[in-house]
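K.L.:
Sharing a structure here in structure tokens format.
Just so it is clear, none of the values below were taken in a lab; they were calculated from the coordinates. Nothing here was measured: the structure is a model prediction, and the numbers come from that model. Using ideal geometry, Cβ is built from the backbone for each residue, glycine included, and neighbour counts are taken over all protein chains shown.
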């Protein structure tokens, strides 16, 4: 009984770790099988979308941009889908509140943090649509302006940072693979030289006898 009851708890713990552990999220991006450029570009696009007030449709936006941009350029879709997880149930309110506060520097607006957080409390599709409508009606302009500023800065930082991390990781993996290949190449030679030495010792013993 204990093992059965612990499974839901373990599952919740894994989900919590996924949302709250940046190392797990970053590792998932770095382990994608694609060129560093495509992964870094997908990460930058996903980060840009994550910083905008598009909660609920961010993954669809990644896929839509990938479809529309295909004739011009390509990026790793999975990297974009993973990057939008920056805005998740744990970060969406403080993230959007920061964007809104920044936007009020250009377009003054007054709303308390408690009222702002209440916008994101919804259940089901109908309440989600009401929350999105209220979000743009009550704090739309300052939030949108602030989000575009933050999204632009974060995406421009994300691309070179991810590109550097990926290139460094690939270089390290290449060095490790080269080292392993060298070890495999020298092992038969070592064994052969060892066998030759043993054979010479046997011959010497035979001559002495």
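K.L.:
Counting other beta carbons within 10 Å of each residue's own, what order do 116, 75, 107 fall into, fewest first?
P.N.:
Placing the least packed residue first, the sequence is 107, 116, 75.
K.L.:
Further question on the same structure: Can you tell me the length gained on complete extension of the stretch residue 105 to residue 117, counting 0.36 nm per residue apart and subtracting the Cα distance?
P.N.:
The span from residue 105 to residue 117 would gain 2.3 nm if fully extended.
K.L.:
Could you sort 23-32, 172-181 so that the peptide with the highest average Cβ count within 10 Å comes first and the rest follow in order?
P.N.:
23-32, 172-181
K.L.:
For 59, 51, 156, what ranking results if the residue with the fewest other Cβ atoms within 10 Å of its Cβ goes first? Could you put the intermediate results ahead of the total?
P.N.:
Numbers: 59 16, 51 26, 156 13.
Exposure proxy ranking, most exposed first: 156, 59, 51.
K.L.:
Where does each of 106, 159 land when they are ranked from fewest to most other beta-carbon atoms within 10 angstrom?
P.N.:
Starting with the residue having the fewest Cβ neighbours, the order is 106, 159.
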